[in-house]
Amino acid sequence: MIRAASGKRIFIGLALSLALGLAGCGANGGQEQSSASASPASDAGGSSPAAAAADSGSTGTRTVTDAAGHEVEAPANPQRILAPFLEDALTALGVKPVAQWSAGGVPQQYLQDKLSGVPLLNMMNGLVPEEAFSHQPDLIVLPSSDYLKAATYEDFSKAAPTYILSQDTNDWRGNLTKLGDLLGKSDEAKEALDAYDKKLEDAKTSLQKAVGEKTAVLLQPNGDKDFKLFGAHFYSGALLYDGL
């Protein structure tokens, strides 16, 4: 553990800058290290939207197959996107959703410079169809099937095209690429990942200069008497343990 206060401040500052500020450089929640290189086609749960799409001409839609095997008649150029807990990836692609994830009325605070004024969803018990539809989305994108705990897929799809992005939410790089394909923003996804990789390399260089081979523990307060320890497979843990 780092004993010097200045070294610890430098480490935690850089770590949190990456773990909590990834939206500006194209990460989805910071759940995986930069060396992950899964492509959309490598997801066994579904094919790349770009590969599976079939243009339907004047209707302005295309048929894509999601990670759960649903054939989705998605708008070719969606304008009102609802994608709870994918706000990191959306903002990296330059997309503002019609509503954003929150827990107990608290959104992802580090994204609010980009999402200020975007209505909050109450996600404490999962996404509720009635609340989702009240924002009149023309496309609903769910990170995985786990986000259907409050309703069935059919409950959502009967009112708006609903696309399950992945069955591996830790593969944020592959999921960002897939989301870019789905929304017609593949170039933006690649640019975001390139910018992220550059930021990660710069941070690793700065950390090496600041603390050398010393190590640190990152704890997050969880109420007045509890704390959370970020493990290697929990949210940003893989970034902190492996990426850095």
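Report, by residue number, each residue of region 64-99 that is among the aliphatic types (A, V, I, L, M) and assigned to a strand (DSSP E or B).
Hits for region 64-99 are Val64, Val72, Ala74, Ile81, Leu82.
Kindly indicate whether any position in region 212-220 is assigned to a loop (DSSP other than H, G, I, E, B), more than 18 Å from Leu86 (Cα to Cα) and in contact with a Lys or Arg (Cβ under 7 Å, 6 or more places away or on another chain).
yes
Just give me the residues in region 100-121 being over 23 Å from Gly174 (Cβ atoms) and either in a loop (DSSP other than H, G, I, E, B) or within 12 Å of the chain's Cα centre (by Cα) (or both), in sequence order.
Selection gives Ser102, Gly104, Gly105, Pro107, Ser116, Gly117, Val118, Pro119, Leu121.
Tell me whether region 207-230 contains one or more residues that are within 15 Å of the chain's Cα centre (by Cα) and surrounded by 11 or more Cβ atoms within 10 Å (Cβ to Cβ).
no
Among the listed residues Asp187, Asp181, identify the single one that is under 19 Å from the mean Cα position of the chain (by Cα), open to solvent by 70 Å² or more (accessible area, probe 1.4 Å) and assigned by the TED database to the domain that holds Pro97.
After applying the criteria, what remains is Asp187.
Which count do you get for residues in region 120-131 that are closer than 25 Å to Glu154 by Cβ, open to solvent by 10 Å² or more (accessible area, probe 1.4 Å) and out of contact with any Asp or Glu (no Cβ under 6 Å at 6 or more places or on another chain)?
Going through region 120-131 one residue at a time, the tally reaches 7.
The values are calculated or read from the model by the stated rules, or taken from the named source; none is laboratory data. Predicted, not measured: the structure shown is a model, and the values here were computed from it. Reconstructed Cβ throughout: ideal geometry from the backbone, glycine too, with neighbour counts over all protein chains shown. Only protein heavy atoms, including side chains, enter the accessible area calculation; ligands, DNA and RNA are left aside. Shrake-Rupley method; radii C 1.70, N 1.55, O 1.52, S 1.80 Å.
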